[in-house]
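The structure appears right after this line, and notes come after that.
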Amino acid sequence: FAEDGYADSVPLDRALRPEVLIAYTMNGEPLTVSHGFPARLIVPGLYGIKNVKWLSRIELVDHDFQGYWQTRGWNDLAVMQIWGHIDPPRDGETLPPGPALAAGVASAGDRDIARVEVSLDDGQTWADAVLEPALNPPFTWVRWAFPFEAVEGKHTMRIRVTDGTGVVMPKEERSPLPDGATGWPARRFRVKA
């Protein structure tokens, strides 16, 4: 329960995991109000709706308590989807022919990232991106880079991400409601001299 009246629930087996925290400081200082003072629940791998800010009370119950967002149709488990995005190139950008670099980040909540693949032909063929080691695996975002040779023409770049358990992000594009957004991100760009 939060001081502002917000409430949500986490299954007991998830709440008892060693990585779950009740944070009351950040960088050695008390939490600010915007970060959740006096305390904030941190449950890695679950969407923010489960990470209650302004924590005032914790109650153990023998049923599935439906919080604010669940009563409005959102998934009760709130497990983060595998996701990634492409930073460069920008959508609609025109690149010169020659060496180019695509890059971005990927995450799967608390399931790490095993692989990011890049397609320059709208998913017909794939090649592995280079992954930078995560700062705090399996919880942190992973940066990836993909050097390629930009050849003249119009291109649709896509990425697909595989989490640390071997699951590949769904190709199907779905809106965030009710389980979190899915789909292989795309960038359309042009190469012209």
DSSP-assigned coil residues among trypsin sites (Lys or Arg not before Pro) in region 32-97, each with at most 16 further Cβ atoms within 10 Å:
Arg57, Arg90
Can you return the aspartates and glutamates within cross-link range of Lys53? Criterion is Cα-Cα under 13 Å, with same-chain partners fewer than 8 residues away left out.
Glu3, Asp4, Asp8
Please compute the contact order of the chain in relative form: average sequence separation of alpha-carbon pairs under 8 Å and at least six residues apart, divided by the residue count, as a percent.
20 percent
When the chain is modelled as a GNM with alpha-carbon springs shorter than 10 Å, which of Trp69, Trp144, Trp83 fluctuates the most?
Trp69
Electrostatic dipole magnitude of the chain [Cβ: Lys, Arg +1; Asp, Glu -1; Cα centre; debye, to 20]
440 debye
Divide by every residue of the chain the summed helix terms, -39500 (n - 2.57) for each DSSP H run of at least 4, and state the resulting mean residue ellipticity at 222 nm, rounded to the nearest 500 deg cm²/dmol.
-500 deg cm²/dmol
Measure off, as a whole percent, the carbon and sulfur share of the 1.4 Å-probe accessible area of region 34-193, all protein chains present.
57 percent
Distance in nm between pseudo-label sites at Gln124 and Arg90 (7 Å out along the Cβ direction from Cα)
2.8 nm
Which part of region 40-55 falls in the paramagnetic zone of Leu77, meaning amide N under 11 Å from the point 7 Å along Cα-to-beta-carbon?
none
Given Cβ charges of +1 for Lys and Arg and -1 for Asp and Glu, the option among Gly45, Ala7, His85 whose Cα lies farthest towards the positive end of the dipole of region 1-159 is Ala7
Note: probe point = Cα of His63 + 7 Å toward Cβ; backbone nitrogen < 15 Å; residues of region 1-28 passing the test are 9
Please enumerate, by chain and number, the aspartates and glutamates with C-alpha under 16 Å from the C-alpha of Lys154, excluding those fewer than 8 residues away in the same chain.
Asp91, Glu93, Asp121, Asp122
Rounded to whole Hz and in sequence order, give me ³J(HN,Hα) for region 88-99 from the Karplus expression 6.51 cos²θ - 1.76 cosθ + 1.60, θ = phi - 60°, writing x for Gly and Pro.
x, x, 6, 5, x, 5, 10, 10, x, x, x, x
Grab the Cα-Cα distance for Thr182 and Ala15, subtract it from 0.36 nm times how many residues apart they are, and report the gain in nm with one decimal.
57.5 nm
Ignoring ligands, DNA and RNA, what accessible area per residue does region 1-74 give at 1.4 Å, in Å²?
66 Å²
Toward the positive end of the charge dipole of the chain, about the Cα centre and with charges on Cβ (Lys, Arg +1; Asp, Glu -1), which of His63, Leu135, Val20 goes farthest?
Leu135
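Using unit Cβ charges (K, R positive; D, E negative) and no other charged atoms, how large, in debye to the nearest 20, is the dipole of region 1-85 about its Cα centre?
180 debye
The values are calculated or read from the model by the stated rules, or taken from the named source; none is laboratory data. Just so it is clear, the model here is predicted, and its values are computed rather than measured. Every residue, glycine as well, gets a Cβ built from its backbone with ideal geometry; the counts of neighbours run over all protein chains shown. What goes into the accessible areas is simple: the full protein's heavy atoms, side chains included, and nothing from ligands, DNA or RNA. Shrake-Rupley method; radii C 1.70, N 1.55, O 1.52, S 1.80 Å.
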